[in-house]
Every structure is written in C-alpha cells, then in structure tokens.
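The structure appears below as structure tokens.
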Amino acid sequence: MSEVCKNVPKACLITIMTVSSKGLLTHISQFWNMLDDLAENDPERYRNFIQQELKDGKQLCVNPEPQLCIQTKILKPNEKVLFINLCQWERIPAPQSATRPVPVSVGRPEDSAEASDAYTIIDVAYNPGVLQAAEKDQGIKDQLIRMAMLCIEERLQFTLAHSYHLTSFRLKGSIQRMKESLMGIKTDFPDLKAMTRT
C-alpha cells in the first residue's frame with residue numbers, strides 16, 4: 001500500500017477506486033496531454049506553470065508555527081478545560097485590506113487527559129503577518145484571541161468562558177497533531193485493524 005493511503009481504511013480505498021478510477025484516469029490523461037502540448041508549443045509558459053506548482057506545493061507542506069497557547073473553559077455542552085493553540089501558517093491567506101475580514105482556520109477539537117485532568121485542545125491558525133502585528137500590539141493580540149474564541153463558539157457550537165490566560169508554553173500537544181487538526185485529518189481509526197482484515 002502506498003505511503004499516501006497507509007491511514008485510509010481499506011473499505012474506503014476500494015470504494016474510491018471502483019467508483020472513480022475510470023473517470024479519474026480520463027482526467028489525468030487529459031491533464032498530461034495538456035501539459036505535453038504546453039511544453040511543446042509554449043515552453044516558457046510550461047516552465048512558469050511548473051515553477052508555480054512547485055512553489056505552491058512547498059507552501060502546502062509547511063507546518064504551522066505555534067505562537068501562543070491560552071487556557072480557558074468550555075461551559076457548554078460539557079464543562080471542561082480548553083487549551084487554544086494560536087499559530088501562524090502560510091497556508092492561511094493574508095487579509096485583503098484593513099477593512100476586510102481576517103482569514104482564520106479552526107481545527108477539530110481533540111479531547112485529552114493527563115493524569116486526572118481532562119481537557120480539550122483546539123488549534124487556530126492565522127496568516128503569519130497577522131500574528132506578527134499582534135506581537136507588537138497587546139490590543140491586537142487580545143482581539144485575535146477573542147476572535148479565535150468567537151470562531152470556536154460559532155463553528156463548534158460551544159459556549160466558552162469569556163476569561164482566559166496565556167500559558168507559559170507556546171503549544172499544547174505536538175506540531176504534527178496541530179497540522180492534522182487544522183487540515184481535518186483523522187489518524188486514529190479505532191476499527192482500522194478490523195476494517196483492513198481480509
């Protein structure tokens with residue numbers, strides 16, 4: 001099994017492959033033919049296209065960079081300690097102007113426990129320029145933290161406490177877990193062994 005498909009349940013792979021393999025192969029073939037034509041008829045545009053794709057591909061592989069971690073509480077649906085990791089990530093676009101909304105990405109919540117303490121971790125990513133501005137201005141930093149909390153409430157249907165405090169650490173959890181959370185990747189399939197048995 002390829003490295004890309006290692007964490008995908010076998011049943012899903014079979015369904016994906018049988019449903020879309022013919023259509024996918026047709027699209028891939030058409031795309032390669034288009035690239036061949038472009039390389040032959042307009043080498044400069046082909047070179048620019050390939051360079052841009054390589055640049056974009058590198059940007060997709062960049063890990064988020066933790067900046068600060070705050071602690072607050074989830075009040076509803078169940079009361080629990082919440083850690084919010086604020087990070088900068090090049091995948092998040094910069095705001096188009098000072099009057100336009102600030103793009104933000106909220107990861108999926110992850111419940112954890114250390115010893116007897118149960119808590120939830122949620123990752124929130126901003127464009128690097130946004131968080132760099134917040135480093136210089138405490139008012140902007142507070143606005144970004146409050147905006148992150150509001151986005152969590154809206155997107156996840158949580159009610160959060162309005163108070164928070166900055167932790168002494170920048171990240172709760174690991175960078176890999178943060179990236180998977182922000183990308184919506186679920187790597188812990190409880191029934192994976194049962195699903196992959198043949």
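Every number here is computed from the coordinates shown, using simple stated rules; none is lab data. Quick caveat, the model's predicted, so the values are computed rather than measured. Here the Cβ positions follow ideal geometry from the backbone for every residue, glycine too, while neighbour counts run over all protein chains shown.
Among the aspartates and glutamates, which fall within straight-line cross-link reach of Lys55, defined as a Cα-Cα distance under 18 Å, with same-chain neighbours fewer than 8 residues apart omitted?
Qualifying aspartates and glutamates at Cα under 18 Å: Glu44, Glu90.
Between Asn63 and Gln176, what length in nm is gained on full extension when 0.36 nm per residue of separation is reduced by their alpha carbon distance?
Using 0.36 nm per residue and subtracting the Cα-Cα distance, I get 39.9 nm.
Sticking with the crude label model, points 7 Å out along Cα→Cβ, report the distance from Asp117 to Glu154 in nm, one decimal please.
The answer from the label model is 3.1 nm.
Take every DSSP beta bridge whose two residues both sit in segment 65-183, then give the antiparallel share in percent to the nearest 5.
Percent antiparallel among DSSP bridges in segment 65-183 is about 70.
State, to one decimal in nm, how far the label point of Arg108 lies from the label point of Glu79, with both points 7 Å from Cα in the Cβ direction.
2.9
On full extension of the chain, what length is gained from Ser97 through Ala133, given 0.36 nm per residue of separation minus the C-alpha to C-alpha distance? Don't skip to the answer; put the middle values down first.
Working: separation 36, 0.36 × 36 = 12.96 nm, distance 1.39 nm.
The Ser97-Ala133 span can extend by a further 11.6 nm.
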